[in-house]
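Let me begin by presenting the structure, written as structure tokens, before commenting on it.
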Amino acid sequence: MTSTAEHHEAHPNRDATYVKVALILAVITGIETFTYFESVLDFGRATMPLLLVCMGLKFYLIAAYFMHLKWDKPILRRTFTVGILLALAVYIITLTAFRFWDAVDVMPK
């Protein structure tokens, strides 16, 4: 068992860590936003996989740093990992059921 003092020492004690994570989240959000403006960047068929990867990265960063799961018990990390994998599977299955992947190339530009 760890004491409360040892548990708190494992957390980042500098605000700079949270600012860096926030800046990384802002960049990822910018990439997601630019997928809607085809005149700026056209990702083509890579748009949906790119958005899914960005979703996963943002989920990890928010859960790990702002929810402090990076320093919590491993069972809590596993619970959130299973949750994001399940959500990702549901998104992909739903998009497949609606034949989204077939319609990616025929969308109007």
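This table checks each residue for (1) under 24 Å from A16 (Cβ atoms); (2) of a type outside the set (D, E, K, R).
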position: M48; (1), (2): no, yes
position: A64; (1), (2): yes, yes
position: K73; (1), (2): no, no
position: T79; (1), (2): no, yes
position: F100; (1), (2): no, yes
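Specify the residue that is nearest to L86 (Cα to Cα); the eligible residues are those in the range 45-58 that are without any contact (Cβ under 8 Å) to a residue 40 or more places away in the chain and out of contact with any helix residue (DSSP H, G or I) (no Cβ under 8 Å at 6 or more places or on another chain). By that ranking, first place goes to V53.
To keep it simple, each residue is scored yes or no on (1) at pLDDT 80 or above; (2) more than 14 Å from the chain's Cα centre (by Cα); (3) part of a helix (DSSP H, G or I).
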residue: E6; (1), (2), (3): no, yes, yes
residue: K20; (1), (2), (3): yes, yes, yes
residue: I28; (1), (2), (3): yes, no, yes
residue: I31; (1), (2), (3): yes, no, yes
residue: T47; (1), (2), (3): yes, yes, yes
residue: G56; (1), (2), (3): yes, no, yes
residue: L61; (1), (2), (3): yes, no, yes
residue: R78; (1), (2), (3): yes, yes, yes
residue: G83; (1), (2), (3): yes, no, yes
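Residue-level check: of (1) at pLDDT 80 or above; (2) more than 21 Å from the chain's Cα centre (by Cα), M107 misses just (1).
Among residues of the range 64-76 that are without any contact (Cβ under 8 Å) to a residue 60 or more places away in the chain, those with a beta-carbon under 7 Å from a residue that is surrounded by 13 or more Cβ atoms within 10 Å (Cβ to Cβ) and among the basic types (K, R) at least six positions away or on a different chain give the pairs A64/K70; L69/R77. With respect to being of a type outside the set (S, T, Y), under 29 Å from A16 (Cα atoms) and surrounded by 14 or more Cβ atoms within 10 Å (Cβ to Cβ), L88 falls outside the description.
The values are calculated or read from the model by the stated rules, or taken from the named source; none is laboratory data. This is a predicted model, so every value here is computed, not measured. Ideal geometry is used to build each Cβ from the backbone, glycine not excepted, and the neighbour counts take in all protein chains shown.
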